[in-house]
Amino acid sequence: MKRFIKKGSVFILFVLATFLAGSVPSSAKVIPKVTNFIVLVDQSGSMFEKHATQGKTKASLVKSVLFKMNESIPPLGYNAAVQVFSPDRTLMGPERYNRLFFANAIQTLQEAAKSIDPDQLTPDTRKMVKQMTPLGPSILYLDKIIKNFGGKTAVILVSDGRANQGMDPLKAARQIRNEYTNICFHVISVADTEKGRETLKAITALCDGAYSQASDLFSDASLMDYFVNEVFFLDVEDRPVPLVKVTPEALTLQGALFDFDKHNIKPEYSAMLDQDVNKLLENPNTKINIEGHTDSTGPEAYNQHLSERRAKAVYNYLLSRGVSADRMKTVGYGETRAKVSNLTREGQALNRRVELLVVR
């Protein structure tokens, strides 16, 4: 799970373009990480309790934070939706992201609980209605939106993590994640219980999503900029070539290794590739899975076969460098596990990749 954010650290400076267009990072070229995003806002009874430090309801703090987030989202062609619960309602979309429309949707969020006519409900029933929190079912309800999307989707869950009705939220998130592999959960938290925090952090851990406290985002603009960057866009000028990720568990070989519609490794990258692949050869007992990926250009069936050929190309390269065949397995995922959105050529290049995952 990503753990951030150091106060006072500014990831990137933003300049205000137009109200309709949104903010555009001025210091470097950026590309969208996702094609779509859904903001899922908790409007259940517990959200109308007073926040521990802000002197306002949790729902009111959330509303202020979402307005601030809207000012920092760059206009990169996203599809967007705003969904609330309880009950489940769609306030916007799915449609092309527009700052004004998003702001209008956020404006309709409640900041305090609606009054309940005591002549219609008993005190016990009124209390039960106010406290019903179907977080799990509302996560499952996202299927009605996600099924209309193509490409990579971010779900920004804004909640205190409380749940007392229906399926367990983590199980629900895992079910959606298993059905839609190109989805990732991120959290803006107003959790005031340890269980709530644990629930929300576990949901982001399903896909290494971003987690941040609403009060931090509200009080520090640099933290908001960082959060928006984590969720929405990628600075391509700062991205190393050809490697985009190196950990003890995984080595990602970036799209520069492959031309469009090709599976052969470019000769000019062989020397650089050797330096990094050697890290995997230091332990002769290491076994790896070699996973091939493509962008979304072309038919799905063709991309599936192309990803398999890319994985096999790296397999053959490692084999030629002395890695035994029984230490390697290959698999192709086609276009189904994009790292970033395919909306730009730069994004497509980053999705044309091979990942080496250590399995033992």
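Across Leu206, Leu40, the residue with the most accessible area heads the list, and the full order at a 1.4 Å probe is Leu206, Leu40. Label-to-label distance, Glu111 versus Arg337, with points set 7 angstrom from Cα along the beta-carbon direction: 4.5 nm. Estimated at the nearest 10 Å², the accessible area of Lys147 is 120 Å² with a 1.4 Å probe. For region 288-360, averaging the sequence separation of C-alpha pairs within contact (under 8 Å, six or more residues apart) and dividing by the residue count gives a relative contact order of 49 percent. Accessible area per residue (1.4 Å probe, heavy atoms of protein chains only) ranks Arg96, Arg345 as Arg345, Arg96, with the largest value leading.
Exceedance of the 22 Å cut-off in Cα-Cα distance is limited, within the set Lys144/Lys171; Lys63/Lys147; Lys171/Lys195; Lys33/Lys147; Lys29/Lys279; Lys33/Lys279, to Lys63/Lys147; Lys29/Lys279; Lys33/Lys279. If you sort Tyr226, Tyr78, Tyr97, Tyr302 by accessible surface, 1.4 Å probe, largest first, the order is Tyr302, Tyr226, Tyr97, Tyr78.
The values are calculated or read from the model by the stated rules, or taken from the named source; none is laboratory data. Model, not experiment: these values are computed from the prediction. All Cβ positions, even for glycine, are placed from backbone atoms using ideal geometry, and neighbour counts span all protein chains on display. Surface accessibility is based on the protein's heavy atoms, side chains included, excluding ligands, DNA and RNA. Shrake-Rupley method; radii C 1.70, N 1.55, O 1.52, S 1.80 Å.
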